[in-house]
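Comments concern the structure below.
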Amino acid sequence: ISDYSYDLPDDRIAKFPLARRDQSKLLLYRDGKVGEDLFCNLPVHLPGGTLMVFNNTRVIQARLHFRKQRAAENRQAAGSNGKQAEGALIEIFLLEPAQPADYEQMFQARGHCCWYCLIGNLKKWKEDPLTREVEGGGGKLTITATRRGLHGTSHEVEFTWSFTDSEGHNATEANPSFAELIDIIGELPIPPYLNRKSEESDKTTYQTVYSKIKGSVAAPTAGLHFTPEVLAA
């Protein structure tokens, strides 16, 4: 695959999109010649009767981070200097639902589900479950991730979560759906070559204007430049 390697300087990568997405450049290839225009002029270049097919999936916040718990003796030693000990950072990247396998049912699930995932820093995560706690909404949300084995090249991970109120009681009615859960703890999986962390603005700009159905772990990038005006034209 070295034939496909090329130099891509970091300063030539647009870290953020243009303020108006349809002002991006449009590559033209016609009669053997290469040219360019602006994306907003795409309708001018399309022959009459052209069929266009759009992927209306919506990107989910599929990147989840957990901290591995340190062994008790390590926590005690680290705590002696007054600092909180932190274990290795584990990234769990959601790929596709395992149980329930249907996306709509998955996002409505409350308290329990399983996903096929990629795992970053896998060598640091042995067998013990990972736990993450989030304060808010008048209580505490506790999320646990447990590895359940390999599925091809991905890992099946079981997620369980529960919400307890300020008095420590299990508040079942306040337990979020999985869709709400990943909106709380997940991060939008922007392309790694951007070499930056995701920001709040990405939740809008890394979605197509016609996205509707949750489930994609990457934006259908060919559609990111469409605006309502271009679609109407």
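Details
- Per-q log10 I(q)/I(0), the stretch 135-187, q = 0.16, 0.18 Å⁻¹ (Debye; single scatterer per alpha-carbon; no solvent): -0.55, -0.65
- Here the Gaussian network model covers the chain, with springs between Cα atoms less than 10 Å apart; of ALA145, ALA14, ALA174, ALA14 fluctuates the most.
- Here's the picture: charge each Lys and Arg Cβ at +1 and each Asp and Glu Cβ at -1 in the stretch 91-205, and of GLY137, TYR116, MET106 the one pushed furthest to the positive end of that dipole is TYR116.
- Average accessible area per residue (Å²) across the stretch 76-187 - probe 1.4 Å, nucleic acids and ligands excluded: 56 Å²
- As computed over the stretch 171-233, the Cα convex hull volume per residue (Å³): 119 Å³
- Full extension of the chain between GLN23 and LYS140 gives 37.7 nm of extra length, using 0.36 nm per residue less the Cα-Cα distance.
- Listed pairs LYS68/LYS123; LYS140/LYS197; LYS15/LYS124; LYS15/LYS203 exceeding 23 Å between Cα atoms: LYS140/LYS197; LYS15/LYS124
- ³J(HN,Hα) computed for each position of the stretch 215-227 - Karplus, 6.51 cos²θ - 1.76 cosθ + 1.60, integer Hz, glycine/proline x: x, 7, 9, 8, 5, x, 4, 5, x, 5, 8, 6, 10
- Unit charges on C-beta of K, R, D, E only; dipole of the chain, Debye: 400 debye
- Comparing mean-square fluctuations of HIS45, HIS65, HIS155 from a GNM of the chain with C-alpha springs under 10 Å, the top value falls on HIS45.
- For ARG110 and SER166, the FRET efficiency from 1/(1 + (r/R0)^6), where r spans their Cβ atoms and R0 equals 35 Å, is about 0.95.
- log10 of Debye I(q)/I(0), alpha-carbon scatterers only, for the stretch 80-233 at 0.09, 0.14, 0.19, 0.21 Å⁻¹: -0.37, -0.86, -1.34, -1.46
The values are calculated or read from the model by the stated rules, or taken from the named source; none is laboratory data. Keep in mind that this is a model prediction, so the values were computed, not measured. Counting neighbours? That spans all protein chains shown, and the Cβs are built from the backbone with ideal geometry, glycine included. SASA here: full protein model, heavy atoms, side chains in, ligands and nucleic acids out. Shrake-Rupley method; radii C 1.70, N 1.55, O 1.52, S 1.80 Å.
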